[in-house]
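Trainee: What follows is a single structure, and I will ask about it in a moment.
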Amino acid sequence: MSDLFAAPQRAEPYPYLSALNEGQRAAVEALDGPVLVLAGAGTGKTRVLTTRLAHLLITGKARAPGEILAVTFTNKAARQMKDRVAALLNRPSVEGWWLGTFHAVAVRILRRHAEAVGLKSNFTILDTDDQIRLVKQILQSENVDEKKWPARAMLAIIERWKDRGLTPERVSAGDAGDFARGRAVELYKAYQERLRTLNACDFGDLLLHNLTLFQSQPEILADYHRRFRFILVDEYQDTNVSQYLWLRLLAQGHRNLCCVGDDDQSIYGWRGAEVGNILRFEDDFPGAKVVRLERNYRSTGRILAAASGLIAHNEGRLGKTLWTEDDEGEKIRLRGLWDGEAEARFVGEEIEALISRDKDHDLKQVAILVRTGAQTREFEERFITLGLPYRVVGGPRFYERMEIRDALAYLRVLVQPADDLAFERIMNKPKRGLGDATLQLLYKTARSGNVPLALAARRLVDTDELRPAARRSLTALLDNFDRWRGLIGITPHPELAEIVLEESGYVEMWQNDKTLEAPGRLENLKEFVNALGEFENLAGFLEHVSLVMEALSQDGLDAVSIMTLHAAKGLEFDTVFLPGWEEGLFPNQRALDETGRRGLEEERRLAYVGLTRARKRVIVSFAANRRMHGSWAAAIPSRFVDELPKEQVDQESDQGVYGAAAAAFGGMGDGWGSSTWSEARVSPGLQRARERRGQGTSRFIDVTPTRVETLESGAFQRGDRVFHQKFGYGSIRSVEGERLNIRFDKAGDKKVIASFVVPADQAG
């Protein structure tokens, strides 16, 4: 009876809203005024954006698509958004609205009003090569020595100023720096004037000219206020100052600005992104509504709890906690290993076991996320050995990188002077004044005498065929190769490679390069030298690389993905490996040195991004030592390891980790790391050693069923027999602080850190 008189349920006027959860629906329906949607990883951000766009049109809030401005960070995201909105509206496409990247929208506005900033509507947009050429012309005309003040460095300064919305007139004295003895602003002004003369602009100008246009022409800004009644912005945490100012100006009209982003995923500070833009949203737009999307549809409960526990250590955040209704899942696995090679071996074995165990687990659902590109080499080589298909995402594979190919070319010429392809590649790299004219003359001489290019060069330098400057440069290069060849067999080949790369000027070339890629290239060169140490001689290494390159050409469709953490943003995988969680590597020491706490918090956000890429399982690993700059260095676990909630982590042990690992892991502070890496029971042999030398306690790490100990350097004396994991047994010749000079039975004389060895009677 009661059912007959019950009030009929009101039908949902917008059925598509019923598919949203409570937070998503709140974000979609908050159409008036400023709105900040804090969208955690895997919380359905794209669904919210597209549904909100469709809702604006379906409800009539936006009378036409042209009243909406939607800004994305990539063209791919813009296309996806457009297609999804069309599907919601049940139309083939939606035309007439302003949807695109910051630069795409800015260039559209600028072409309409180019004359107002001194350009014509058909202006050209310069690429990086054109910009560098133009800066070089400016430096030359202003009598600035480009060897001391490189064009790339000047361009980097200009780009940084443009990212901050600074025209030459707005650069303060404090920002000017000491480039070209304080002439940077003057050179910036000359560069801008030259661009106008050419009727051209660079990418930074697109937004910078828009700012000038809106600030100097209020009637033009008012026109866009009338046009854009609603503004939506994706990935707001990645905006730079210039983009932020541009949005604020456009939003002044109706204040219907909706920004979607995640302060915990702001990881691009190194390229100008300003996390403060999202952190102060409520101050910039009083009365703003903040909607938090915290229900995650990607990861298990334990992964989310671990990620939330880690990111909670950041102070600069608005705060949210991800949760899921799905299974709790597996704990985060934490593995300590001896070195990078052991780490790569472990990961390879784990992947093989995983695929064997779960026949439905595709390789393409496995990712290895590293902090720096240089870390990929050991994984690549291990996978090639195993025959495990892989692909490097977001960049070339290690031996395909430009700087590695250049370094290989130097070594190929060293071992095989008749290698014409290698000689041609490095003849003028770095630049030695040996251009196309010299190369053509070399080819002519080589063909006429039927000899290799290097021998043709030797013949040419004894003639007057070459210009004096080119002859001197070519003679110096040939003399260098003769001297370097004399070191083969005398100097260890990793050290020889360092000498070649240093004395050739190749390393200096990248040290002077101010582009964002240069530091990574230098790290790759260091890893290249490290790789040499794993081979008996130079010829063996070059043969190995040839085989690797052959294997690289055989790609499979189902393959493990290897990429940097930065490249992984926006992606997801069933299984994620996070190797190299060591202080100095991750968090990256350069980031800490350059920006202090701000850098540390961005590194922690990067760790958060890595964890939240995983759907089912995460394996974090770190090594007891790393080969850095051609020599071994002790490593300690990243502070991020200690910040993972203990209850969400399974710690695993590994045979062979001892020595430096023991000392390092024992000193991790008051967190769970220090209690987990506990002191082992002292064996009788070690106790006798302590009594003999009068030493106190030392720390240990539980790495095998039988624990392995380490001693401080003071526990060792000349003549002691010791064991080293890499070099085997040996006798101490002398003790120098923390360094031991040891004559190993098989490896010869080596200098090692004391914590890397144990007494010989404790090796078993």
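Trainee: Along the Cα→Cβ direction, 7 angstrom out, place labels at residue 415 and residue 108. What is the inter-label distance in nm?
Mentor: In this crude spin-label approximation the distance works out to 5.5 nm.
Trainee: Would you please give the FRET efficiency between residue 284 and residue 650, computed as 1/(1 + (r/R0)^6) with r the Cβ-Cβ distance and R0 = 51 Å, to the nearest 0.05?
Mentor: On the way: r = 44 Å, r/R0 = 0.86.
It comes to 0.70.
Trainee: On to the next question. Quick one: if the Förster radius is 30 Å, what FRET efficiency do residue 431 and residue 170 give, using the C-beta to C-beta distance and rounding to 0.05?
Mentor: Details: r = 35 Å, r/R0 = 1.18.
Computed FRET efficiency for residue 431 and residue 170 comes out at 0.25.
Trainee: OK, next. With a 1.4 Å probe and every protein chain left in place, tell me how much accessible area residue 415 has, in Å² to the nearest 10.
Mentor: Taking all protein chains as shown, residue 415 has close to 70 Å².
Trainee: Expressed as a whole percentage, what fraction of the accessible surface of segment 82-219 belongs to carbon and sulfur atoms when a 1.4 Å probe is rolled over the protein heavy atoms?
Mentor: The value for segment 82-219 is 46 percent carbon and sulfur by accessible area.
Trainee: Considering the options 500, 96, 608, tell which one lies farthest towards the positive end of the dipole of the chain, charges being +1 on Lys and Arg and -1 on Asp and Glu at the Cβ, about the Cα centre.
Mentor: 96
Trainee: What accessible area per residue, rounded to a whole number of Å², is obtained for segment 348-459 using a probe radius of 1.4 Å?
Mentor: Working: 4930 Å² over 112 residues.
Accessible area per residue: 44 Å².
Trainee: Going toward the positive end of the dipole of the chain, with +1 on Lys and Arg Cβ and -1 on Asp and Glu Cβ, which of 651, 64, 299 do you reach last?
Mentor: 64
Trainee: For a Förster distance of 22 Å, can you work out the FRET efficiency between the beta-carbons of residue 148 and residue 516, rounded to the nearest 0.05? Walk me through the intermediate numbers first.
Mentor: Values: r = 22 Å, r/R0 = 0.98.
My answer for the efficiency is 0.55.
Trainee: For residue 250, what is the net charge nearby, where nearby means another residue's Cβ is under 15 Å from its Cβ and Lys, Arg count +1, Asp, Glu -1?
Mentor: Details: positive: 108, 112, 226, 227, 229, 248, 255; negative: 67, 219, 223, 284.
It works out to a net charge of +3.
Trainee: Quick check: from the Cα gyration tensor, does segment 95-196 come out rounded (a/c under 1.5), prolate or oblate? Write out the running numbers ahead of the final one.
Mentor: Numbers: a/c = 2.25, a/b = 1.92, b/c = 1.17.
Prolate, because a/c is 1.5 or more and a/b exceeds b/c.
Trainee: Could I ask something else about it? Please compute the length gained on full extension between residue 590 and residue 125, using 0.36 nm multiplied by the number of residues separating them and subtracting their Cα-Cα distance.
Mentor: 164.1 nm
Trainee: Now a separate question. When the dipole is taken about the Cα centre of segment 132-227, and only Lys, Arg (+1) and Asp, Glu (-1) are charged at their Cβ, what size is it in debye, to the nearest 20? All intermediate terms of the calculation are to be shown ahead of the outcome.
Mentor: Values: 16 positive and 14 negative charges, 41 e Å.
With only Lys, Arg, Asp and Glu charged at Cβ, the dipole is about 200 debye.
Trainee: Under the Kirkwood approximation applied to all pairs of distinct alpha-carbon atoms, what is the hydrodynamic radius of segment 1-139 in Å?
Mentor: Details: mean 1/r = 0.0540 Å⁻¹.
Result for segment 1-139, one decimal place: 18.5 Å.
Trainee: Another one. Compute the normalised compactness of segment 323-423: alpha-carbon radius of gyration over 2.2 N^0.38 Å, N being the residue count.
Mentor: Ratio of Rg to 2.2 N^0.38 Å for segment 323-423: 1.44.
Trainee: Now a separate question. Pull up all non-local amide H partners of residue 21: gap of 5 or more, or a different chain, and H-to-H distance under 5 Å with H placed in the peptide plane.
Mentor: Those lying under 5 Å, H to H, from residue 21: there are none.
Trainee: Taking all protein chains together and a probe of 1.4 Å, list 431, 148 from the most accessible to the least accessible.
Mentor: Putting 431, 148 in descending order of accessible area: 431, 148.
Trainee: Report the charge-dipole magnitude of the chain in Debye, nearest 20, computed about the Cα centre from +1 at each Lys and Arg Cβ and -1 at each Asp and Glu Cβ.
Mentor: Numbers: 105 positive and 109 negative charges, 255 e Å.
The dipole of the chain has a size of about 1220 debye.
Trainee: Then there's this: Treat each spin label as a single point 7 Å out from the Cα along the C-beta direction, and report the residue 502 to residue 729 distance in nm.
Mentor: Once both label points are built, they end up 3.6 nm from each other.
Trainee: How big is D for segment 217-292, in µm² s⁻¹ as a whole number, if Stokes-Einstein is applied with the Kirkwood radius of its Cα pairs at 4 °C and 1.567 mPa s?
Mentor: Values: Rh = 13.1 Å.
In µm²/s, the coefficient is 99.
Trainee: For segment 260-376, what is the convex hull (Cα atoms) projected area averaged across all directions, in square nanometres? Write out the running numbers ahead of the final one.
Mentor: On the way: hull surface 41.2 nm².
For segment 260-376, averaging the hull's shadow over all directions gives 10.3 nm².
Trainee: Another question, then. Once you have the Cα-Cα distance between residue 193 and residue 391, take 0.36 nm times their residue separation minus that, and quote the gain in nm to one decimal. Kindly include the intermediate steps, with their values, before the conclusion.
Mentor: Working: separation 198, 0.36 × 198 = 71.28 nm, distance 4.50 nm.
Gain on extension, residue 193 to residue 391, equals 66.8 nm.
Trainee: About its Cα centre, what dipole magnitude does segment 448-599 give when the only charges are +1 on Lys and Arg Cβ and -1 on Asp and Glu Cβ, stated in debye to the nearest 20? Intermediate results must be reported in sequence, preceding the final value.
Mentor: Working: 14 positive and 26 negative charges, 141 e Å.
Dipole size: approximately 680 debye.
Trainee: Here are a few candidate values for Cα Rg over 2.2 N^0.38 Å: [x] 1.05; [y] 1.11; [z] 0.94. Which one was actually calculated from the structure I just gave you?
Mentor: The value computed from this structure is option [y].
Trainee: Looking at the square roots a ≥ b ≥ c of the eigenvalues of the Cα gyration tensor of segment 402-444, which shape do they give, rounded for a/c under 1.5, prolate if a/b is larger than b/c, or oblate?
Mentor: On the way: a/c = 2.61, a/b = 1.37, b/c = 1.90.
Verdict is oblate for segment 402-444.
Trainee: Here is a further query. Quick one: net charge around residue 446, please, counting Lys, Arg +1 and Asp, Glu -1 for every other residue with C-beta under 10 Å from its C-beta. Working shown, then result.
Mentor: Working: positive: 444, 447, 459; negative: 420.
Summing Lys/Arg as +1 and Asp/Glu as -1 gives +2.
Trainee: Would you please give the residues with an amide H less than 5 Å from that of residue 337, counting only those at least 5 places away or on a separate chain, with H modeled from the backbone geometry?
Mentor: 622, 623, 624
Trainee: Can you bin every Cα-Cα distance in segment 162-201 into 5 Å intervals starting at zero and give me the percent of pairs per bin, rounded to whole numbers?
Mentor: Spelled out bin by bin, segment 162-201 gives 6, 23, 29, 24, 12, 5, 0 percent.
Trainee: How big is D, in µm² s⁻¹, for segment 435-570 by Stokes-Einstein at 10 °C and 1.306 mPa s if Rh is the Kirkwood radius over C-alpha pairs?
Mentor: Values: Rh = 18.5 Å.
Stokes-Einstein gives a translational diffusion coefficient of 86 µm²/s.
Trainee: Shifting gears a bit: Residues in segment 16-49, backbone N under 16 Å from the label point at residue 572 (7 Å along the Cα-to-beta-carbon vector): list them, ranges by number please.
Mentor: Answer for segment 16-49: 20-21, 24, 39-49.
Trainee: A further question on this structure: Of 407, 388, 287, which is farthest towards the positive pole of segment 256-413's charge dipole, taken about the Cα centre with +1 and -1 on the beta-carbons of Lys, Arg and Asp, Glu respectively?
Mentor: Highest projection toward the positive end goes to 407.
Trainee: Here is a follow-up. Using DSSP to call loops (not H, G, I, E or B), can you name the GluC sites (Glu not before Pro) in segment 438-513 whose Cβ has at most 15 other Cβ atoms within 10 angstrom? Mind dumping the intermediate values first?
Mentor: Numbers: sites: 465, 495, 498, 502, 503, 508; in loops: 465.
Filter output for segment 438-513: 465.
The values are calculated or read from the model by the stated rules, or taken from the named source; none is laboratory data. Note that the structure is a prediction, hence the values are computed from the model and not measured. We place every Cβ from the backbone using ideal geometry, glycine too, and count neighbours over all the protein chains shown. Note: accessible area is taken over every heavy atom of the protein model, side chains too, but ligands, DNA and RNA are not part of it. Shrake-Rupley method; radii C 1.70, N 1.55, O 1.52, S 1.80 Å.
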